[in-house]
Amino acid sequence: MATDAVLEIEGLDVAFDTGRREPQKVLEDISLTIPRETISVILGPSGCGKSTLLNVVAGLVAPTSGRIVAARRERPLETAYVFQNARLLPWLTVRQNIEFALQSRSVPKALWKERVEQKLELVGLTSVLREYPLRLSGGMQQRVGIARALAVEPDLLLMDEPFSHLDEISAKALREETVRICQTSRVTVLFITHDMSEAAFLADTIYMMRSNPGRIAHRVDVTLPRPRSFSDPALYELQGSLATEFYDLIDAQEERHAA
Ligand SMILES: Nc1ncnc2c1ncn2[C@@H]1O[C@H](COP(=O)(O)OP(=O)(O)OP(=O)(O)O)[C@@H](O)[C@H]1O
């Protein structure tokens, strides 16, 4: 295993039993390495198995075959999720929502106050500690969701299309925040999207997937310097080449389907 990797996945297959004669193969021969303190992006069309891949990494879905090797072998890999919706508990305050996550991971109570305040500060939201989630905007709720995930100090942060339900201005701000947080807090991220510009802006490495079954079709190492700007022509260029590859894949798939 590479010395700077948090996780390596080797030859991973996932098939679901759907009651038909043959199990449905959703992921096939997935291999990837996630280096420490980087952002790896899985880019793929709807239904190609992106969320399933994250669920395997989180230990929620068992692979049919293949290996997942975590760098820290002395204990299971600690992961935390940020979903499309923040999924905050509406009857708990922001502080209590984050404390709930800390409690569920058995983080000692003596650490809670500092963790909650530090992570809320990181997402720029210290003023909402006592608020209830429904009084916050969608973007603020998502920031709390990120703070909650960071509070457990995971080895790997799993982000499943976390900004896809936000307006474009909030989404852009949160993409910038994600990069800043990763750099200042030395977090490692596995990020799912089907948005080319989001992938180009965030990623150190992009794994482009195709469907039926989900496979990694291309790996793109993004060498654009940081901080990146949404208006950088080089970013547009990368986004354009990702789009070309992406739609070529979809066309090839439709041709295979029709044959
Ligand atoms: N527990 C399950 N049992 C059976 N089939 C499943 C299960 N979970 C996912 N699938 C199937 O696996 C395929 C991939 O689903 P998945 O949600 O991983 O795709 P995705 O790329 O994340 O899609 P989207 O971008 O639309 O969220 C789909 O056909 C889905 O119906």
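The values are calculated or read from the model by the stated rules, or taken from the named source; none is laboratory data. In this text, all values refer to a predicted model and were calculated from it rather than measured experimentally. When we count neighbours, we look across all protein chains shown, and the Cβ atoms used for this are built from the backbone with ideal geometry, even at glycine. When the accessible area is computed, the model is the full protein with side chains, heavy atoms only, and any ligands, DNA or RNA have been set aside. Shrake-Rupley method; radii C 1.70, N 1.55, O 1.52, S 1.80 Å.
Values as computed for the structure displayed
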item	result
Options 214, 145: the member that is touching a Cys at 6+ places or on another chain (Cβ under 8 Å) and farther than 17 Å from residue 243 by Cβ	214
Selection count where residues are more than 10 Å from the ligand (Cβ to nearest atom) and farther than 17 Å from residue 24 by Cβ, scope the range 54-65	3
Condition check for residue 29: open to solvent by 60 Å² or more (accessible area, probe 1.4 Å) and either near the ligand (Cβ under 10 Å from one of its atoms) or modelled with pLDDT under 95 (or both)	no
Strands (runs of 3 or more DSSP E) contained entirely in the range 133-211, each with at least 2 residues that are open to solvent by less than 20 Å² (accessible area, probe 1.4 Å) and away from the ligand (no atom under 16 Å from the Cβ)	156-160
Close pairs from the range 124-140: first free of Cβ contacts under 8 Å to residues at least 60 places away in the same chain, partner acidic (Asp, Glu) and surrounded by 15 or more Cβ atoms within 10 Å (Cβ to Cβ), Cβ under 9 Å, at least 6 apart	124/177; 126/117; 129/117; 140/131
Odd one out for residue 100, checked against (1) away from the ligand (no atom under 15 Å from the Cβ); (2) aromatic (Phe, Trp, Tyr); (3) modelled with pLDDT under 95	(3)
Given (1) farther than 20 Å from residue 212 by Cα; (2) surrounded by 15 or more Cβ atoms within 10 Å (Cβ to Cβ); (3) free of Cβ contacts under 8 Å to residues at least 40 places away in the same chain, index of the condition residue 104 fails	(2)
When residues of the range 32-54 are limited to those that are polar (S, T, N, Q) and part of a strand (DSSP E or B), the one surrounded by the fewest Cβ atoms within 10 Å (Cβ to Cβ)	33
Per-region count, the range 55-84, residues loosely packed, with under 13 Cβ neighbours inside 10 Å and of a type in the set (S, T, N, Q)	1
Filtered residues of the range 93-102 (kept if assigned to a helix (DSSP H, G or I) and either over 14 Å from residue 80 (Cβ atoms) or among the basic types (Lys, Arg) (or both))	94, 95, 96, 99
